[in-house]
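None of the figures in this text is laboratory data; all of them are computed from the coordinates on show. Note that the structure is a prediction, hence the values are computed from the model and not measured. For neighbour counting, all protein chains shown are included, and Cβ atoms are generated from backbone atoms with ideal geometry for every residue, glycine included.
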């Protein structure tokens with residue numbers, strides 16, 4: 001089943017009197033339950049594309065379907081509901097809430113989006129914190145932990161709702177090799193057990209090596225595609 005389909009997607013930004021074209025007629029499709037990487041130099045349009053897929057922004061042209069919904073047809077309220085119900089985000093700059101503890105940051109989507117009962121929330125949060133080896137840091141605040149630890153918390157927060165689709169912008173950039181491979185193993189387990197789809201923007205060869213489909217973007221243009229014999233995980 002196709003979970004993301006882009007047809008001639010373009011994205012333009014107005015900067016004063018200058019129009020910046022971040023994406024130019026990008027077309028691709030991503031199957032559910034797969035791991036896909038978008039690679040390319042900084043400024044190539046990778047993050048812009050993730051923001052469009054995640055309904056954080058809208059295409060300027062073309063059509064983008066995510067999870068069977070036409071992104072352009074969603075207003076702000078419905079975009080937020082769609083994100084909360086279907087998508088997990090791992091941001092390059094973490095986006096942790098500074099006034100919440102590690103535990104509360106991971107719990108936040110279950111309270112604000114899913115309204116999950118307290119006992120179930122606790123089980124889910126503790127399981128994820130254990131999985132990313134942050135259970136012993138659960139009462140600390142973001143400014144009390146390292147960059148790598150913040151990234152682990154951000155990853156746990158993205159996965160706690162068991163979303164259909166996880167979008168990750170350089171998710172292993174702040175992790176050591178051991179932790180990066182641990183996180184990749186956790187993601188592959190979710191992919192295999194829950195048919196979760198993972199889409200990465202990355203330069204990390206570890207992630208690229210795990211991807212079943214690799215798209216190359218340069219100057220906002222899709223310049224290459226490499227399939228690696230994706231298996232059926234549905």
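In this structure, residue 161 qualifies as in a loop (DSSP other than H, G, I, E, B) and out of contact with any strand residue (DSSP E or B) (no Cβ under 6 Å at 6 or more places or on another chain). Among the residues of the range 212-223, none qualifies, meaning not one is in a helix (DSSP H, G or I) and touching a strand residue (DSSP E or B) at 6+ places or on another chain (Cβ under 7 Å).
Residues that are part of a loop (DSSP other than H, G, I, E, B) and under 26 Å from residue 1 (Cα atoms) occur in the range 114-131; there is at least one. Across the range 40-68, the qualifying residues are those that are touching a residue at least 60 places away in the same chain (Cβ under 8 Å), in a loop (DSSP other than H, G, I, E, B) and within 16 Å of the chain's Cα centre (by Cα), and the one among them that is nearest to residue 4 (Cα to Cα) is 67. Take the conditions (1) surrounded by 14 or more Cβ atoms within 10 Å (Cβ to Cβ); (2) touching a strand residue (DSSP E or B) at 6+ places or on another chain (Cβ under 6 Å); (3) at negative phi; (4) free of Cβ contacts under 8 Å to residues at least 60 places away in the same chain; residue 29 misses just one of them, which is (1). Only one of the numbered conditions (1) without any contact (Cβ under 8 Å) to a residue 24 or more places away in the chain; (2) assigned to a helix (DSSP H, G or I); (3) farther than 15 Å from residue 162 by Cα is violated by residue 111, and that is (3). Within the option set 40, 68, 88, being exposed (fewer than 15 other Cβ atoms within 10 Å of the Cβ) and touching a strand residue (DSSP E or B) at 6+ places or on another chain (Cβ under 9 Å) holds for one residue only, 68.
Looking across 79, 29, one residue alone is within 30 Å of residue 193 (Cβ to Cβ), part of a strand (DSSP E or B) and under 19 Å from the mean Cα position of the chain (by Cα). It is 29.
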